[in-house]
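Below: one structure in structure tokens.
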Amino acid sequence: TRIRVGRSIDGFGLSPGITKEQRLGVENLMKKAFDNLKDDLAGTYFPLTGMDEAVRQQLVDDHFLFMSGDPNLKVAGMERDWPEGRGIFHNKEKTFLTWVNEEDQLRIISMEKGGDVKGVFDRLARGIKAVGDSVKTESGKDFMMSEKYGYIHSCPTNLGTGMRASVHIDLPGWTKLGLKVLQARCEELHLQPRGTRGESGGQTGVTYDISNKHRLGYSEVELVQKMIDG
């Protein structure tokens, strides 16, 4: 079970237009903000620049590390100055993560094995608040927010809550029927099926990543409930 949101900090550019200085500014601000996290949210920040090979391999094995080379991000100018200013934070249990300066300035993620969606959602909510409060304390800045469009992200598909709640689930019956049939059923349920290797990673076996389709026009609780009901 994995639930994520994106967030952007006021006064810094979105990734297609952010300057090198701003990107480093976001990273430096987040390093201080991460130091303020307490209890089950406390952990370590790993910058991509100069990353030790053993650390890099561990993060890859944990499926935490985002990679360069996505053609969509490249063409939008999101991989300029790679890997400078990028990094990953995770808590000791590896159940709370934040990606810094990937597609969005921040991707805040809560995840764990099993089906305790409420526990994952609770940790995410506490994590978002803790990160937001810490950024405010360190810089006086808030997350970018529009009354009309919700939280501002680099990609318009994330406007609104910016939240994707997903589970990995084995669907042998639907796999036999074929992807088109599964996609049609998910559409009816306001869900989106993906392969377990992420948005552009493709499909393996009978295991799918099933998540809420919408980000905009519903509350976070409503969207998580849609995923559970589906």
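Scan 37, 65 and give me the residue that is touching a helix residue (DSSP H, G or I) at 6+ places or on another chain (Cβ under 7 Å), free of Cβ contacts under 8 Å to residues at least 24 places away in the same chain and assigned to a loop (DSSP other than H, G, I, E, B).
65
Answer yes or no as to whether residue 43 is of a type in the set (Gly, Ala, Ser), over 21 Å from residue 161 (Cα atoms) and touching a residue at least 40 places away in the same chain (Cβ under 8 Å).
Taking the combined requirement at face value, the residue satisfies it.
Check segment 65-76 and report whether any residue there is over 20 Å from residue 7 (Cβ atoms) and of a type in the set (Gly, Ala, Ser).
Yes: segment 65-76 contains one or more residues that are over 20 Å from residue 7 (Cβ atoms) and of a type in the set (Gly, Ala, Ser).
Report the residue count in segment 163-189 for those that are in contact with a Leu (Cβ under 9 Å, 6 or more places away or on another chain) and closer than 24 Å to residue 112 by Cα.
4
With respect to residue 202, determine if the residue is part of a loop (DSSP other than H, G, I, E, B), modelled with pLDDT under 95, open to solvent by less than 50 Å² (accessible area, probe 1.4 Å) and not hydrophobic (A, V, I, L, M, F, W, C).
Here the answer is yes, as residue 202 does meet what is asked.
Of all helices (runs of 4 or more DSSP H) completely enclosed by segment 74-193, which ones contain at least 1 residues that are touching a strand residue (DSSP E or B) at 6+ places or on another chain (Cβ under 9 Å), among the β-branched types (Val, Ile, Thr) and open to solvent by less than 30 Å² (accessible area, probe 1.4 Å)?
Where helices (runs of 4 or more DSSP H) fall fully within segment 74-193 and carry at least 1 residues being touching a strand residue (DSSP E or B) at 6+ places or on another chain (Cβ under 9 Å), among the β-branched types (Val, Ile, Thr) and open to solvent by less than 30 Å² (accessible area, probe 1.4 Å), they are 117-139.
Shifting gears a bit: Only one of 106, 97 is closer than 15 Å to residue 166 by Cβ and in contact (Cβ under 8 Å) with a residue 24 or more places away in the chain; which?
That would be 97, the only listed residue that is closer than 15 Å to residue 166 by Cβ and in contact (Cβ under 8 Å) with a residue 24 or more places away in the chain.
Looking at (1) at pLDDT 95 or above; (2) touching a Pro at 6+ places or on another chain (Cβ under 7 Å); (3) not hydroxyl-bearing (Ser, Thr, Tyr), find the lone condition where residue 187 falls short.
Exception for residue 187: condition (2).
Within the group 112, 103, 79, 93, which residue is farther than 29 Å from residue 227 by Cβ and among the acidic types (Asp, Glu)?
One residue alone meets the criteria, 79.
The values are calculated or read from the model by the stated rules, or taken from the named source; none is laboratory data. As the structure is a computational prediction, the values presented were derived from the model and not from experiment. Note that each Cβ is placed from the backbone with ideal geometry, even for glycine, and that neighbours are counted across all protein chains shown. These area figures cover heavy atoms from the full protein model, side chains too; ligands, DNA and RNA do not enter into them. Shrake-Rupley method; radii C 1.70, N 1.55, O 1.52, S 1.80 Å.
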